[in-house]
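*Asks:* This structure is in structure tokens; I'll ask about it shortly.
No lab work stands behind these numbers, since they all come straight from the coordinates. On a predicted model such as this, the values are computed, not experimentally measured, just so you know. In this analysis, Cβ positions are derived from the backbone assuming ideal geometry, glycine residues included, and neighbour counts consider all displayed protein chains.
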Amino acid sequence: MKESKTGLKQQEHAAFTQEPYSANASSLATATKDGIRDSKIFDEDVFTSMLAIERRRAERSGQPFVLMLLTPHGLNGSSGKVLHRAFGAVATQARETDLVGWYERDMVLGIIFTQVSPETSVTEILRAKIASALQKELGNKIAKTITISVHIFPENWNKHDSDWVADSKLYSDLDRQSFRKRVSLAVKRSMDIAASAALLLLLAPILGIIALAIKLTSKGPVLFQQERMGQFAARFKCLKFRTMYTNCDAKIHQAYVQQFIAGIVADQRGKSSEETVYKIKDDPRVTSVGRVLRKMSLDELPQLWNVLVGEMSLVGPRPPVPYEFEMYEHWHRRRVLEVKPGVTGLWQVSGRSRLQFDDMVRLDLRYSQSWSLWLDIKILVATPGAVFSGTGAY
């Protein structure tokens with residue numbers, strides 16, 4: 001295990017010192033006999049850890065990498081033996097900083113080609129090189145049983161594609177948790193179901209009063225449904241009590257969010273504001289009842305239904321709207337990839353809407369990296385105080 005961790009650090013360091021692949025390259029470098037390729041295939045746990053490190057590097061540098069997966073089919077239990085032979089062929093086509101290991105032990109062989117050129121033709125070059133090497137090593141018949149899939153990070157998000165979700169193959173380490181963490185996640189989900197169901201029943205009279213107040217004071221539906229992005233960017237309809245007049249121009253908030261993410265916020269008179277907030281102060285689109293609901297965060301109560309059906313959790317990052325996600329830098333996107341979104345979260349109890357956007361993201365990432373049931377409980381306990389203080393809520 002000590003050797004694996006040392007090798008992991010060496011590979012991460014080396015990834016910063018190599019030239020990226022280019023579409024103009026005539027061939028890939030051949031590994032030396034003394035290189036790591038001739039020792040062994042990286043174990044599944046080590047390889048998935050390397051994949052996570054490579055994502056962080058790509059976020060910092062902006063230089064893409066390619067994850068290639070070799071998956072044999074119809075070999076009647078001999079997949080492992082074939083992939084061990086394939087490893088020898090792959091090693092001849094990889095640089096020393098490229099990483100080869102088990103994506104799934106004896107089932108799927110993975111290769112991480114580090115620091116590739118963003119040109120789309122590079123992936124075809126890599127695929128052709130590996131396919132040719134497999135044919136030479138395994139023969140055409142066996143080589144044809146191996147499916148080669150290519151996955152590029154950072155991913156290109158198509159804002160016009162409503163079905164777009166993050167490529168789960170690039171985040172295998174998030175799915176492969178320890179037994180202890182899987183149990184904790186199961187307990188978290190049980191808590192979400194029990195608490196959301198109980199609160200919906202206990203708060204039914206209050207929910208009814210709020211619904212009646214909204215209906216009597218302004219035209220339009222009681223509930224507002226907005227498309228949000230959950231874990232792995234899967235879209236869902238987030239529920240809230242309507243706090244605005246109907247037929248409002250969403251471009252006002254869209255422009256404001258763009259300025260906020262960029263760190264440029266102005267008040268209603270166009271002057272720079274020292275106290276940046278995530279929501280617009282004195283928004284003319286908000287109804288009188290809506291202002292009260294927002295101040296006490298009562299407009300968020302219908303999200304308990306999103307929690308009950310599994311689209312959200314009680315605690316987690318705030319789910320963004322698609323046009324907000326479009327403005328994210330690559331490292332910002334991790335806040336909607338690593339954990340399920342929540343009704344409340346670490347940044348909500350640390351300043352609510354008064355924080356800078358980058359600080360909000362850092363708090364969400366800190367939450368996902370240090371998550372525990374005890375942390376969830378502490379955030380839930382702190383939430384009522386943040387709500388009733390009303391600080392940072394507009």
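*Asks:* Through the Karplus equation 6.51 cos²θ - 1.76 cosθ + 1.60, θ set to phi - 60°, convert the phi angles of the stretch 332-347 into ³J(HN,Hα) values in whole Hz; use x for Gly and Pro.
*Replies:* Those phi angles translate into 5, 5, 4, 5, 10, 10, 8, 9, 6, x, x, 6, 10, x, 5, 6 Hz.
*Asks:* So, in nm, how far is label Tyr245 from label Thr92 when the simple model puts each one 7 Å beyond its Cα toward the Cβ?
*Replies:* 7.4
*Asks:* On to the next question. How large is the Kirkwood hydrodynamic radius of the stretch 177-389, counting all unique pairs of alpha carbons, in Å?
*Replies:* Answer for the stretch 177-389: a Kirkwood hydrodynamic radius of 18.1 Å.
*Asks:* Here's a follow-up. Once amide H atoms are built 1.01 Å from N in the peptide plane, which residues 5 or more positions from Phe224, or in another chain, come under 5 Å H to H?
*Replies:* Those lying under 5 Å, H to H, from Phe224 are Lys240, Phe241, Arg242.
*Asks:* Report, by chain and number, residues whose modeled amide H sits under 5 Å from the one on Ser313, excluding near sequence neighbours (fewer than 5 apart, same chain).
*Replies:* Gly342, Val343
*Asks:* Would you mind computing, in nm to one decimal, how far apart the modelled labels at Val165 and Leu199 are, each placed 7 Å from Cα along Cα→Cβ?
*Replies:* Once both label points are built, they end up 2.5 nm from each other.
*Asks:* What is the order of Arg335, Arg60, fewest Cβ neighbours within 10 Å to most?
*Replies:* Going from least to most buried by this count: Arg60, Arg335.
*Asks:* Additional query: How long is the gain from Lys181 to Thr217 if the chain were fully straight, where each residue apart is worth 0.36 nm and the alpha carbon distance is subtracted?
*Replies:* 8.2 nm
*Asks:* Any chance you could check the Cα centroid distance between the stretch 182-238 and the stretch 123-180 for me, in angstrom?
*Replies:* Spelled out, the Cα-based centre of one part sits 37 Å from the other.
*Asks:* Could you run the Karplus curve 6.51 cos²θ - 1.76 cosθ + 1.60 with θ = phi - 60° over the stretch 44-56 and give me ³J(HN,Hα) per residue in whole Hz, x for Gly and Pro?
*Replies:* 4, 5, 5, 5, 5, 5, 5, 4, 5, 4, 5, 4, 4
*Asks:* Now for a separate question. Taking amide H positions as placed in the peptide plane 1.01 Å from N, state which residues far from Gly230 in sequence (5 or more) or on other chains have amide H under 5 Å from it.
*Replies:* Arg235, Phe236
*Asks:* Enumerate by residue number the trypsin sites (Lys or Arg not before Pro) in the stretch 81-146 meeting two conditions: DSSP loop (anything except H, G, I, E, B), and at most 15 other Cβ atoms within 10 Å of the site's Cβ.
*Replies:* Filter output for the stretch 81-146: Arg105, Lys144.
*Asks:* For the residues Cys248, Cys238, what sequence is obtained by ranking on other C-beta atoms within 10 Å, fewest first?
*Replies:* Cys248, Cys238
*Asks:* On to the next question. What net charge do the residues around Ser79 carry, taking every other residue with its C-beta under 12 Å from that of Ser79, with Lys and Arg at +1 and Asp and Glu at -1?
*Replies:* Overall, the nearby charge balance is +1.
*Asks:* Can you compute 3J(HN,Hα) from phi for each residue in the stretch 180-197, using the Karplus curve 6.51 cos²θ - 1.76 cosθ + 1.60 with θ = phi - 60°, rounded to whole Hz and x for Gly and Pro?
*Replies:* 4, 6, 4, 5, 4, 5, 5, 5, 4, 5, 5, 4, 4, 5, 5, 5, 5, 5
*Asks:* Mind checking the stretch 169-215 for trypsin sites (Lys or Arg not before Pro) that DSSP puts in a loop (not H, G, I, E or B) and that have at most 16 other Cβ atoms within 10 Å?
*Replies:* Answer in residue order: Arg176.
*Asks:* OK, next. Can you put Asp175, Asp358, Asp364 in order, fewest other beta carbons within 10 Å first? The partial results should precede the final answer.
*Replies:* Values: Asp175 9, Asp358 13, Asp364 24.
Going from least to most buried by this count: Asp175, Asp358, Asp364.
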